[in-house]
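A short write-up of the structure that comes next.
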Amino acid sequence: MLDQNALQSLTQIVDKRRIITDAAEMVVYETDATADRGTPDLIVFPESAEQVSRIMRWAAEHQVPIVARGAGTGLSGGAVAEHGGIIIEFSNFNRVLEFDTVGRSVVAQVGVVNQALDNLMKTQGLYFPPDPASGRSATIGGNVAENAGGPHCFKYGVTSNYVTGLQVVLVDGRIVRLGGRAFDYPEYDLTALMTGSEGTLGVIIEMDARIVRNPPGVKTMMAAFDDVETAGRAVSAVIATGLVPATMEMIDKSIMRIVEDYLHIGLPVHTGAMLIVEVDGYHAGLDAQMDEVIAVLEHNGAREMRVAKTAEERDQIWYGRKSSAGAFARIAPEKFTIDCTVPRSRIADMLSAINEICLGLELKVGYILHAGDGNLHPNIPFFPSDKSQVERGWKACEQIMKAAVARDGSITGEHGVGIEKREWLAYMCDGAELSAMCDVKQVFDPKNLLNPGKIFPSKLPEVQRVTPLANVPTDIFAPQTADEAACGLVALSNAKQKVSINAKRNYAVTLSTRSLNKIIKYAPDDLYVTVGAGITLEELQALLAKDGWQVPLVSPWRESTVGGIVATNLNSPQRMRYGSVRDVMLSTRVALTDGRVVRAGRVVVKNVAGYDLPKVFVGSHGTLGLLTEVTFKLVKVARAKKTLLVPIDDLKSGLALSSQLLQVALTASAIVLGKGIAVPGVSSSYVLAYTAEGFPIDVESEMNQVRELLDQTQRNKAIDVELPTGTDLWLKLLSDTTTDSMVVRVGVAPKDVGKFAVAQSDVLASSSYLIDVPSGLTYAVSSPKEVELAKIWLDGLRIPALAAGGYAAVMQMANAWHGKINQVGYRPDTIDLQESLKSKWDPTNTLV
């Protein structure tokens with residue numbers, strides 16, 4: 001209980017009318033959408049970031065637990081004040097602060113409702129894809145805190161794939177910015193750690209996010225199957241072909257019956273399971289996409305299929321799907337809503353296992369599945385008054401979690417760990433992985449005031465550490481396994497010897513990943529490949545191409561290893577189509593200098609069990625640990641790829657045209673403007689390249705729109721080519737450099753990249769450069785003769801970039817200039833947290 005003096009001091013920060021202490025009024029805040037309960041000491045409704053900051057300082061002073069709360073729709077007990085304390089309620093933070101239609105981004109406060117935000121986006125033909133079933137009431141703060149997903153994640157990804165920056169209040173009251181409006185800040189990715197952290201690392205008050213074009217057309221179908229296992233195998237068959245529907249949702253017979261009795265929408269209740277399959281894109285290509293899906297489903301046991309003929313019929317199908325969880329109340333007052341993920345090829349097998357578990361415990365079970373991404377929601381109805389049934393229900397939950405882990409899955413795909421699954425996290429994560437997460441918690445919240453008791457099990461598994469090599473490596477160390485790497489790193493750390501990964505330094509041992517070059521698991525049916533970090537991207541792509549697959553990453557340098565690409569966060573213009581390195585990587589295994597070998601992440605697309613550790617290593621430049629293996633998403637090589645090259649006479653008109661073309665982009669994989677890049681058939685000062693790839697009819701539809709726009713605005717005639725693509729121009733710029741070249745990546749908000757380039761045109765004039773318009777990135781290559789001239793040129797880009805909330809990082813420069821030029825030149829708000837994390841994972845500062 002809070003003493004009166006503490007409460008009185010709080011009223012000096014927040015008007016007492018915005019504080020609830022009455023027990024009756026607080027009842028509604030004791031729970032979320034689960035049965036978990038906890039009584040807070042008070043509820044406070046701040047109105048500004050500064051008030052939140054002062055509240056946090058007050059809580060730290062009085063050692064009061066802090067729980068952030070949005071709409072209370074969570075399904076893991078995450079917003080429950082289990083240990084009392086203060087609930088900070090964010091209903092006043094309900095404004096969209098900026099809706100940037102030019103650069104395709106949005107800045108929203110955490111109290112904005114998910115569906116309201118998406119509805120606003122769609123008024124301008126844009127789209128915020130994360131769409132949890134509770135989206136009609138769930139808020140953005142909860143979406144970020146839980147890394148929310150939803151039915152359309154199969155094609156579009158989860159919340160973390162869209163968040164570029166966060167404004168956060170730390171436990172000490174500091175208001176900091178993680179990430180921002182630009183892409184690829186040269187810092188450890190604390191934005192990714194905060195996303196999905198369930199309020200245990202900081203209090204989020206504002207989100208920066210990228211958005212995409214809303215597909216102009218959509219087609220929805222229901223397909224019926226004899227049972228859930230057959231439907232599961234059909235989902236795997238669709239995925240194995242490389243088709244990417246917008247969504248594939250599964251509902252079993254018991255849930256269909258409940259929904260049909262309630263809504264009367266014509267669900268196939270006489271069958272054992274139903275799939276909802278949706279394709280989207282240009283209207284011209286919808287029938288062809290759906291025909292391919294239908295052919296696969298027919299071959300894999302679909303009994304009947306019905307395509308929605310009107311928007312109203314489609315809306316009715318989705319209303320039934322999103323009402324299915326609530327409809328359970330018709331058969332029992334409560335239910336266990338289980339959330340787990342398995343590799344897609346294991347769906348049918350997992351469903352059989354769950355059926356067996358529930359049969360053995362004499363429990364009913366109904367299924368709702370985000371089947372496209374392997375995210376299962378078994379629902380077990382129960383009566384709270386039946387203690388035996390409740391006990392058996394918890395046993396079933398535990399056994400289901402173990403079954404998911406045994407299939408290399410996750411104990412939670414989108415609901416989070418919270419209270420409900422914390423003890424089961426130890427089934428999935430060993431001592432090393434959990435201890436690495438505990439390190440993160442200690443860095444952000446050393447006194448455990450932020451949402452205490454959530455995520456972590458009461459008893460942590462023992463941490464296994466390797467023993468150091470007897471002979472300390474000298475000169476070059478080339479381990480063949482993760483354990484050997486860790487043994488060597490411990491020995492080097494104990495010897496106080498610096499280590500440089502794949503780079504020669506006079507003062508350090510070179511750790512080479514050349515022997516970590518194996519294909520560990522190639523799983524096209526599950527859309528992933530796991531490889532040693534030392535394999536080159538060229539070798540990997542050659543192997544995958546034999547079957548028509550690819551990892552959607554490229555590098556200008558043939559010798560680039562996949563570990564190097566991850567460690568440097570090397571992203572090309574095609575990220576606008578396929579995502580960045582942090583989006584493509586699913587998991588990794590890392591050797592730390594203290595002897596831990598940490599498995600971070602899992603091979604499934606949706607995994608919110610604990611902190612998102614893999615992303616922290618993206619862009620870490622080998623300073624946190626050695627990546628020994630990496631798992632990437634697979635995508636099919638595009639069936640069609642076309643590029644329009646547009647000769648451009650001046651920078652301003654090229655940037656204006658690029659911005660106009662971005663408004664069309666749906667299947668585009670590059671929109672770039674280059675200067676000083678030789679392109680056959682183009683003699684103008686600048687060249688604009690627009691590349692689209694994907695389903696053939698969609699690509700052609702988009703290119704027709706681009707041509708129409710060019711006809712209206714451009715005097716120079718566009719050139720249709722297969723090659724080079726926009727990404728090829730980026731590759732050419734960076735590969736055609738010499739050892740004396742200086743290469744700089746400048747990042748600003750996409751909406752500001754045109755303004756920045758024009759303002760700095762005199763500085764850029766002495767270089768060849770390429771502007772990746774959708775990403776707000778400018779790549780400039782120059783050859784200054786002296787280090788002082790290099791500094792002047794760099795400052796001409798860096799100083800205005802920093803002033804615009806961006807950065808300018810050196811990608812390459814003459815060896816002699818290392819140590820004389822600051823390659824990063826960017827100091828984040830959270831440099832102390834980044835340094836603290838480095839000291840947790842590399843306590844002797846061995847990695848340089």
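The values are calculated or read from the model by the stated rules, or taken from the named source; none is laboratory data. All values reported here derive from a predicted model rather than from experimental measurement. Glycine gets a Cβ as well: all are built from the backbone with ideal geometry, and neighbour counts include every protein chain shown. Just so you know, the surface numbers come from the protein's heavy atoms only, side chains and all, with ligands and any DNA or RNA stripped out. Shrake-Rupley method; radii C 1.70, N 1.55, O 1.52, S 1.80 Å.
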- Among residues of region 252-279, those that are buried (at least 20 other Cβ atoms within 10 Å of the Cβ) and over 25 Å from S352 (Cβ atoms), counted: 2
- Query: Mind checking which residues of region 325-353 are over 27 Å from the mean Cα position of the chain (by Cα), of a type outside the set (A, V, I, L, M, F, W, C) and part of a helix (DSSP H, G or I)?
  - Reply: G326, R330, D349, S352
- Query: Take the residues of region 118-172 that are in contact with a Leu (Cβ under 9 Å, 6 or more places away or on another chain), open to solvent by 10 Å² or more (accessible area, probe 1.4 Å) and assigned to a loop (DSSP other than H, G, I, E, B): which is modelled with the lowest pLDDT?
  - Reply: S134
- Message: Here is a check on your reading of the model: is T561 in contact (Cβ under 8 Å) with a residue 24 or more places away in the chain and farther than 25 Å from A182 by Cα?
- Response: yes
- Kindly indicate the residue of region 173-197 that is open to solvent by less than 10 Å² (accessible area, probe 1.4 Å) and assigned to a loop (DSSP other than H, G, I, E, B) and also nearest to A809 (Cα to Cα) among those meeting that condition. A182
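Residues are listed down the side, and each one gets a yes or a no for (1) of a type in the set (G, A, S); (2) on the phi > 0 side of the Ramachandran plot; (3) within 22 Å of the chain's Cα centre (by Cα); (4) at pLDDT below 95:
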| site | (1), (2), (3), (4) |
| --- | --- |
| L613 | no, no, yes, no |
| S620 | yes, no, yes, no |
| F632 | no, no, yes, no |
| Q660 | no, no, no, no |
| L688 | no, no, no, no |
| T691 | no, no, no, no |
- Note on the structure: Only one of (1) acidic (D, E); (2) surrounded by fewer than 22 Cβ atoms within 10 Å (Cβ to Cβ); (3) more than 30 Å from A749 (Cβ to Cβ); (4) modelled with pLDDT of 95 or more does not apply to E89, and that is (2)
- Message: What's the number of the only condition in (1) closer than 30 Å to S91 by Cα; (2) open to solvent by less than 10 Å² (accessible area, probe 1.4 Å); (3) in a strand (DSSP E or B) that E206 fails to meet?
- Response: (2)
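Quick check on this structure: which one of Q8, Q63, Q51 is surrounded by 15 or more Cβ atoms within 10 Å (Cβ to Cβ) and of a type outside the set (A, V, I, L, M)? Write out each step before concluding.
Details: Q8 fails: surrounded by 15 or more Cβ atoms within 10 Å (Cβ to Cβ); Q63 fails: surrounded by 15 or more Cβ atoms within 10 Å (Cβ to Cβ).
Sole residue among the options that is surrounded by 15 or more Cβ atoms within 10 Å (Cβ to Cβ) and of a type outside the set (A, V, I, L, M): Q51.
Starting from residues that are acidic (D, E) and at pLDDT 95 or above, keep the ones in region 36-48 and report whichever is least open to solvent (accessible area, probe 1.4 Å).
Here the residue is D41.
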- Note on the structure: Note on region 36-80: residues over 29 Å from the mean Cα position of the chain (by Cα), of a type in the set (A, V, I, L, M) and part of a loop (DSSP other than H, G, I, E, B) are V64
- Query: Would you call Y156 touching a residue at least 40 places away in the same chain (Cβ under 8 Å) and either small (G, A, S) or touching a Pro at 6+ places or on another chain (Cβ under 6 Å) (or both)?
  - Reply: yes
- Of residues in region 723-732 being among the hydrophobic types (A, V, I, L, M, F, W, C) and buried (at least 23 other Cβ atoms within 10 Å of the Cβ), the one nearest to the chain's Cα centre (by Cα): W730
- Residues within region 73-84 that are of a type in the set (G, A, S) and surrounded by fewer than 22 Cβ atoms within 10 Å (Cβ to Cβ), tallied: 1
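What number of residues within region 675-697 are assigned to a strand (DSSP E or B), in contact with a strand residue (DSSP E or B) (Cβ under 6 Å, 6 or more places away or on another chain) and either farther than 20 Å from L661 by Cα or not basic (K, R) (or both)?
Keep residues of region 675-697 that are assigned to a strand (DSSP E or B), which gives 675, 679, 682, 686-694.
Keeping just the survivors that are in contact with a strand residue (DSSP E or B) (Cβ under 6 Å, 6 or more places away or on another chain) gives 675, 679, 682, 686-693.
Narrowing the set further to residues that are either farther than 20 Å from L661 by Cα or not basic (K, R) (or both) leaves 679, 682, 686-693.
Qualifying residue count for the region: 10.
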- Message: Any residue at all in region 434-457 that's hydroxyl-bearing (S, T, Y) and within 26 Å of V417 (Cα to Cα)?
- Response: yes
- Query: Just for region 428-447: of the residues that are in contact with a Ser or Thr (Cβ under 9 Å, 6 or more places away or on another chain) and not charged (D, E, K, R), which one is nearest to I86 (Cα to Cα)?
  - Reply: F444
- Task: Determine, yes or no, whether M290 is open to solvent by less than 50 Å² (accessible area, probe 1.4 Å), assigned to a helix (DSSP H, G or I) and within 20 Å of S701 (Cβ to Cβ).
- Result: yes
- Task: Determine whether Q115 is in a loop (DSSP other than H, G, I, E, B), surrounded by fewer than 21 Cβ atoms within 10 Å (Cβ to Cβ) and out of contact with any helix residue (DSSP H, G or I) (no Cβ under 8 Å at 6 or more places or on another chain).
- Result: no
- Of the listed residues (A495, A491, A508), the one being open to solvent by 20 Å² or more (accessible area, probe 1.4 Å), farther than 17 Å from E433 by Cα and hydrophobic (A, V, I, L, M, F, W, C) is A495
- Query: What residue, among those in region 223-239 that are open to solvent by 10 Å² or more (accessible area, probe 1.4 Å) and not in a helix (DSSP H, G or I), is nearest to L434 (Cα to Cα)?
  - Reply: D227
- Message: Within region 95-109, take every residue that is β-branched (V, I, T) and closer than 19 Å to L662 by Cα and give me the one that is surrounded by the fewest Cβ atoms within 10 Å (Cβ to Cβ).
- Response: V102
- Could you pull out every one of the helices (runs of 4 or more DSSP H) wholly within region 354-466 that has 1 or more residues that are modelled with pLDDT of 95 or more and among the acidic types (D, E)? 387-406, 431-444
- In this structure, is V706 within 17 Å of Y779 (Cα to Cα), open to solvent by less than 40 Å² (accessible area, probe 1.4 Å) and in contact (Cβ under 8 Å) with a residue 24 or more places away in the chain? no
- Task: State which residue pairs qualify: first residue within 18 Å of A600 (Cβ to Cβ) and inside region 829-848, second residue of a type in the set (F, W, Y) and not in a helix (DSSP H, G or I) in any location, beta carbons under 6 Å apart, and separation of 6 or more residues or different chains.
- Result: Q834/Y188
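List the strands (runs of 3 or more DSSP E) inside region 698-809, counting only whole elements, that have at least 1 residues being under 19 Å from L657 (Cβ atoms) and among the charged types (D, E, K, R).
Values: elements: 719-721, 742-747, 768-772, 777-782.
Those strands (runs of 3 or more DSSP E) span 719-721, 768-772.
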- Message: Could you check region 347-387 and list, in sequence order, the residues that are charged (D, E, K, R) and either buried (at least 23 other Cβ atoms within 10 Å of the Cβ) or within 23 Å of L275 (Cβ to Cβ) (or both)?
- Response: D349, E356, K364, D373
- Message: Out of G285, G301, I need the residue that is touching a helix residue (DSSP H, G or I) at 6+ places or on another chain (Cβ under 7 Å), part of a helix (DSSP H, G or I) and of a type outside the set (A, V, I, L, M). Which one?
- Response: G285
- Quick count over region 11-35, residues being closer than 17 Å to E50 by Cα and either open to solvent by less than 80 Å² (accessible area, probe 1.4 Å) or in contact (Cβ under 8 Å) with a residue 24 or more places away in the chain (or both), is 6
